[in-house]
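Novice: Here you go, one structure.
The values are calculated or read from the model by the stated rules, or taken from the named source; none is laboratory data. All figures in this text were calculated on a predicted structure; none of them were measured in a lab. Quick reminder, even Gly has a Cβ in these numbers, built from the backbone with ideal geometry, and neighbours come from all protein chains shown. Surface areas here come from the heavy atoms of the whole protein model, side chains and all, with no ligands, DNA or RNA. Shrake-Rupley method; radii C 1.70, N 1.55, O 1.52, S 1.80 Å.
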2 protein chains.
Amino acid sequence: MTSQTLTPSLATLARETREAARQLAIASTETRNQAIEAIAAALEAASAEIVAANQSDCEAALAEGLAKSLYGRLKLDAEKLMAAIAGVRNVGRLPDPVGVRQIHRELDDGLVLQRITCPLGVLGVIFEARPDAVMQIAALAIKSGNAVMLKGGKEAVRSCEALVEAIHRGLTQVGLDPALVRLLTTREETLALLHLDQYVDLIIPRGSNAFVRFVQENTRIPVLGHADGICHLYVDQAADVPKAVQITVDAKTQYPSACNTIETLLVHKQIAPAFLQQIIPALQSKQVEVRADEPTRQLIGDAFSELTPATESDWATEYSDLILSIKLVESLEAAIDHINTYGSRHTEAIVTEDAEAASHFTARVDAAGVFHNCSTRFADGFRYGFGAEVGISTQKMPPRGPVGLEGLVTYKYQLVGNGHIAATYTGANAKAFTHRNLTD
Amino acid sequence: MTSQTLTPSLATLARETREAARQLAIASTETRNQAIEAIAAALEAASAEIVAANQSDCEAALAEGLAKSLYGRLKLDAEKLMAAIAGVRNVGRLPDPVGVRQIHRELDDGLVLQRITCPLGVLGVIFEARPDAVMQIAALAIKSGNAVMLKGGKEAVRSCEALVEAIHRGLTQVGLDPALVRLLTTREETLALLHLDQYVDLIIPRGSNAFVRFVQENTRIPVLGHADGICHLYVDQAADVPKAVQITVDAKTQYPSACNTIETLLVHKQIAPAFLQQIIPALQSKQVEVRADEPTRQLIGDAFSELTPATESDWATEYSDLILSIKLVESLEAAIDHINTYGSRHTEAIVTEDAEAASHFTARVDAAGVFHNCSTRFADGFRYGFGAEVGISTQKMPPRGPVGLEGLVTYKYQLVGNGHIAATYTGANAKAFTHRNLTD
């Protein structure tokens, strides 16, 4: 875990990237936006090469028998490339997260404090197959004034190299250092990156839960990433049944592998007879495998084809698939207890017409998102209106939940005086601070 | 690092404390403020016992030959106790950090997002000798809706127990669970506390750099704490010499052991002849040992009694004492480079009448505080007007710098709809979000 374990070359590259980041940190909003436009144009100009490089990656992947789901994410045809370039330009149009004044306060006559947002420095982003992530990540980094060291999946290495070459041409064109966007290509470099705490300010892992946890356990650098998405929907005794059915189906089936998809449905025993007879066929018609605890199976009897029993391990599993476990609960309290025990603090929802129950649920459930009468699938940076999503964090400290560009900046306190010293404000004849907030 | 290594009893205590925290999280502002007043009153009522317990601690410490500086911090006489109780009441009067709405946005008709601050949960606070910290920490925790597990120095165990007993009486009186404030007394419990990531949300270590670093390296729980305070003052070629002298003396001598005290003075070679002949006697008259690099010593010749040579290791040392090293620099850039190499990203200051130099310094120096024409000693939560200081963070991610009550809260996203599902906003006929910020 010390810098002595580094290959010297990667440390050198990282130092250059940090220096490039320091230059970018003082670049104007216009320069950064021009860089993003230049990157978009360079990607367009290189589209034939990029698509060809991706075809080579895809052929190699086919030859090596890559899983079909991974293959779909690896593939970058002209259409997907154009959509990704449009995404780059969208990032350019977002409000600048850098230079935002959060505090402006006079401490005393002529002594003025400001808190101003500034870039973090160097981001380390590690992602799996999808090469289009390179474009999005580069745009988000430049927009927020950061440099980035990124490592894609080895299946996508030719695509990533072609993309980064084009990005470098765009950066050079506006007079910025291409070292701002650095591509790592080997697994050894990934491990070394985790030890570069001297040069890298934030690690963003994008991948499986196991991978995110591996990263968290192997670096001292702050990590922005969620380790699990075990989300619940609780159908309260005062739920409107048609709403509950509609929300359940959406929250499970709209995108089953997403982290904001529900894994367990908690149903109040009072509403269970009416609700279950509608929701089970609705889910089954969408090819959802329904698992149920013993009370649920007893209640429905032989109304449906026999359901798989749900056991303790189901409550702790993120299926990331068309599987949903159902548990009957005696009360709102029991639902909250279950969620606070098994939930991963991601997003939790209640369906109820009882405002008091909703507000109790909202207050008591410990999660980044607590939703009432809507689908957990709304937990997303774009849907929240952040314009971009850097990641979804399930840690408790901010930034928590969907993180937009504000997750890529920090701040500095700037204090300007005119010879002011602390001794003036100390001791028996201490002068008092004015602590007057200044309006702009 | 797993919960299997815990003593079962501490895990049980921690679980109870977490449950108490969940109850406090839904308590009103009034209830929390009443609890703080009840704690203050209970401490007053128990003042004789507390002072007596502290006398026993002090006698034992004397018998064991405790260092004089530690003894001064251990001692809690009636006067210090009353001042600390006044501090508790001050915390009660601060604005409530819980329940603050940070975002209020309509995503679509009838679908409204809010981001609202809420308590973190359970704090783990580890501090050295000073028993008065118990009162301040308990008040900050209750104010911010958190429970706290605290561990004081073993020299102060009788004092801490008497204080926590009184605090428990105050909590009980307003119907709150005394498990909200839990005192740990053994070193084994401290180690176990660091492994309680299931129950503890934030660790705040207060102590030496070595101790803070030990904590950071031995827990997966987020840590709020600074590891070093190596701060600099740069006297630019365009500095006003009297201001530079006044600020240097204050920044070094006003409280030498504080983390915002300067350790190295960087002096532009152009102003060095005029400035050094004033600052060296000014520092020496305040009993400061001045160390100087070779160019400085050559420049001043035999104008002063010979100065200790400053070497590479001086640049990387937090003296926490009346010692200051001086280095001559060729340029503003060289000063910035030195600071970004050796500084601990705490607080850095420039003295100059050149606005452009000041703004370049502010933009380029990477630190939580960048000051112009004032003392680094202002880097403090109270002086910034936060009303309380939880700690000073030198990590780059927020919260950074002096942290007030806002460092003890996180937030939840609350989304309320009326049967809204994500499918409506997806695909070919996707409905657009309105993303309209709502004003209150």
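Novice: Looking at A:Leu171 and the list (1) modelled with pLDDT of 95 or more; (2) part of a loop (DSSP other than H, G, I, E, B); (3) away from chain B (no Cβ under 14 Å), which single condition is not satisfied?
Specialist: (2)
Novice: If I ask for residues that are touching a Cys at 6+ places or on another chain (Cβ under 8 Å), open to solvent by less than 40 Å² (accessible area, probe 1.4 Å), within 8 Å of chain A (Cβ to nearest Cβ) and part of a strand (DSSP E or B), which ones from the stretch B:398-440 would you list?
Specialist: Correct list: B:Thr410, B:Tyr411, B:Lys412, B:Leu415, B:Gly417, B:Gly419, B:His420.
Novice: Here's a follow-up. Collect the residues in the stretch A:370-387 that are open to solvent by 10 Å² or more (accessible area, probe 1.4 Å) and assigned to a loop (DSSP other than H, G, I, E, B), keeping them in residue-number order.
Specialist: Passing the criteria: A:Asp380, A:Phe382, A:Arg383, A:Gly385, A:Phe386, A:Gly387.
Yes/no matrix, rows are residues, columns are (1) open to solvent by 20 Å² or more (accessible area, probe 1.4 Å); (2) within 14 Å of another protein chain (Cβ to nearest Cβ); (3) out of contact with any Asp or Glu (no Cβ under 7 Å at 6 or more places or on another chain):
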position	(1), (2), (3)
B:Leu62	yes, no, yes
B:Leu66	yes, no, no
B:Gly87	yes, no, yes
B:Asp96	yes, no, yes
B:Arg101	yes, yes, yes
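Novice: Further question: Say whether the condition of being within 30 Å of B:Val241 (Cα to Cα) and modelled with pLDDT of 95 or more is met by at least one residue in the stretch B:385-396.
Specialist: no
Novice: Quick one: count up the residues across the stretch B:168-213 that are on the phi > 0 side of the Ramachandran plot and open to solvent by less than 10 Å² (accessible area, probe 1.4 Å).
Specialist: 0
Novice: Related question: Considering only the stretch B:241-273, how many residues are touching a Gly at 6+ places or on another chain (Cβ under 7 Å) and either aromatic (Phe, Trp, Tyr) or part of a helix (DSSP H, G or I) (or both)?
Specialist: Summing the residues that are touching a Gly at 6+ places or on another chain (Cβ under 7 Å) and either aromatic (Phe, Trp, Tyr) or part of a helix (DSSP H, G or I) (or both) in the stretch B:241-273 gives 3.
Novice: Here is a check on your reading of the model: is B:Ser359 part of a helix (DSSP H, G or I) and either among the hydrophobic types (A, V, I, L, M, F, W, C) or facing another protein chain (nearest Cβ under 10 Å) (or both)?
Specialist: So B:Ser359 fits the description; yes.
Novice: Output the residue which, of all residues in the stretch A:234-249 that are open to solvent by 10 Å² or more (accessible area, probe 1.4 Å) and among the polar types (S, T, N, Q), is nearest to the other protein chains (Cβ to nearest Cβ).
Specialist: So the residue we want is A:Gln246.
Novice: Now a separate question. Just checking, how many residues over the stretch A:343-356 are in contact (Cβ under 8 Å) with a residue 12 or more places away in the chain, out of contact with any Asp or Glu (no Cβ under 9 Å at 6 or more places or on another chain) and either part of a helix (DSSP H, G or I) or hydrophobic (A, V, I, L, M, F, W, C) (or both)?
Specialist: Number of matching residues: 1.
Novice: Go through the stretch B:378-397 and report how many residues are aromatic (Phe, Trp, Tyr) and more than 7 Å from chain A (Cβ to nearest Cβ).
Specialist: Of the residues in that region, 2 qualify.
Novice: Could we say that B:Glu312 is at negative phi, open to solvent by 30 Å² or more (accessible area, probe 1.4 Å) and touching a residue at least 60 places away in the same chain (Cβ under 8 Å) here?
Specialist: no
Novice: Within the stretch B:230-250, track down each residue that is farther than 17 Å from B:Thr362 by Cβ and hydrophobic (A, V, I, L, M, F, W, C).
Specialist: B:Ile230, B:Val241, B:Ala244, B:Val245, B:Val249
Novice: Another question, if that's okay. Here are A:Val164, A:Val134: which of them is in contact with a Ser or Thr (Cβ under 9 Å, 6 or more places away or on another chain), of a type outside the set (S, T, N, Q) and open to solvent by less than 50 Å² (accessible area, probe 1.4 Å)?
Specialist: None of the other options fit; the residue is A:Val134.
Novice: Out of B:Gly92, B:Gly99, B:Gly65, I need the residue that is at pLDDT 95 or above and assigned to a loop (DSSP other than H, G, I, E, B). Which one?
Specialist: When all the criteria are applied, what remains is B:Gly99.
Novice: Is it the case that A:Glu49 is open to solvent by 50 Å² or more (accessible area, probe 1.4 Å), closer than 18 Å to A:Arg169 by Cβ and of a type in the set (D, E, K, R)?
Specialist: Yes: the conditions hold for A:Glu49.
Novice: Which residues, taken from the stretch B:190-214, are among the β-branched types (Val, Ile, Thr) and over 20 Å from B:Ser257 (Cβ atoms)?
Specialist: Once the filter is applied, which keeps residues that are among the β-branched types (Val, Ile, Thr) and over 20 Å from B:Ser257 (Cβ atoms), the stretch B:190-214 yields B:Thr190, B:Val200, B:Ile203.
Novice: A further question on this structure: Can you find a residue that is farther than 26 Å from A:Asp201 by Cβ and touching a Lys or Arg at 6+ places or on another chain (Cβ under 8 Å) anywhere in the stretch A:47-55?
Specialist: Yes: the stretch A:47-55 contains one or more residues that are farther than 26 Å from A:Asp201 by Cβ and touching a Lys or Arg at 6+ places or on another chain (Cβ under 8 Å).
Novice: Sticking with this structure for a sec: Considering only residues that are among the polar types (S, T, N, Q) and in a loop (DSSP other than H, G, I, E, B), look in the stretch A:182-201 and name the one that is nearest to A:Ile167 (Cα to Cα).
Specialist: A:Thr185
Novice: Can you tell me which of B:Asp132, B:Asp177 is in contact with a helix residue (DSSP H, G or I) (Cβ under 7 Å, 6 or more places away or on another chain) and closer than 15 Å to B:Ile36 by Cα?
Specialist: Exactly one residue qualifies, and that residue is B:Asp177.
Novice: Search the stretch B:40-55 for residues that are under 23 Å from B:Val91 (Cα atoms) and assigned by TED's automatic domain parsing to the domain that holds B:Arg169 and pair each with any residue that is open to solvent by 30 Å² or more (accessible area, probe 1.4 Å) and not in a helix (DSSP H, G or I) when their beta-carbon atoms are under 9 Å apart and the residues are at least 6 apart or on different chains.
Specialist: Once the first residue is under 23 Å from B:Val91 (Cα atoms) and assigned by TED's automatic domain parsing to the domain that holds B:Arg169 and sits in the stretch B:40-55, its partners that are open to solvent by 30 Å² or more (accessible area, probe 1.4 Å) and not in a helix (DSSP H, G or I) give B:Val51/B:Asp77.
Novice: Could you check B:Thr352 against (1) more than 10 Å from chain A (Cβ to nearest Cβ); (2) under 18 Å from the mean Cα position of the chain (by Cα) and say which number it fails?
Specialist: Result: B:Thr352 fails condition (2) only.
Condition check ((1) outside any strand (DSSP E or B); (2) at pLDDT below 95; (3) in the same structural domain as A:Leu196 (by TED's automatic domain parsing)) across all residues:
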position: A:Glu106; (1), (2), (3): no, no, no
position: A:Gln114; (1), (2), (3): no, no, no
position: A:Glu155; (1), (2), (3): yes, yes, yes
position: A:Ser159; (1), (2), (3): yes, no, yes
position: A:Leu163; (1), (2), (3): yes, no, yes
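Novice: Please enumerate the residues belonging to the stretch B:355-368 that are closer than 27 Å to B:Leu224 by Cβ, open to solvent by 10 Å² or more (accessible area, probe 1.4 Å) and more than 19 Å from the chain's Cα centre (by Cα).
Specialist: Across the stretch B:355-368, the qualifying residues are B:Thr362, B:Ala363, B:Arg364.
Novice: Here is a further query. Could you check the stretch B:277-316 and list, in sequence order, the residues that are of a type in the set (Ser, Thr, Tyr), modelled with pLDDT of 95 or more and either part of a helix (DSSP H, G or I) or more than 37 Å from the chain's Cα centre (by Cα) (or both)?
Specialist: B:Thr296, B:Ser313
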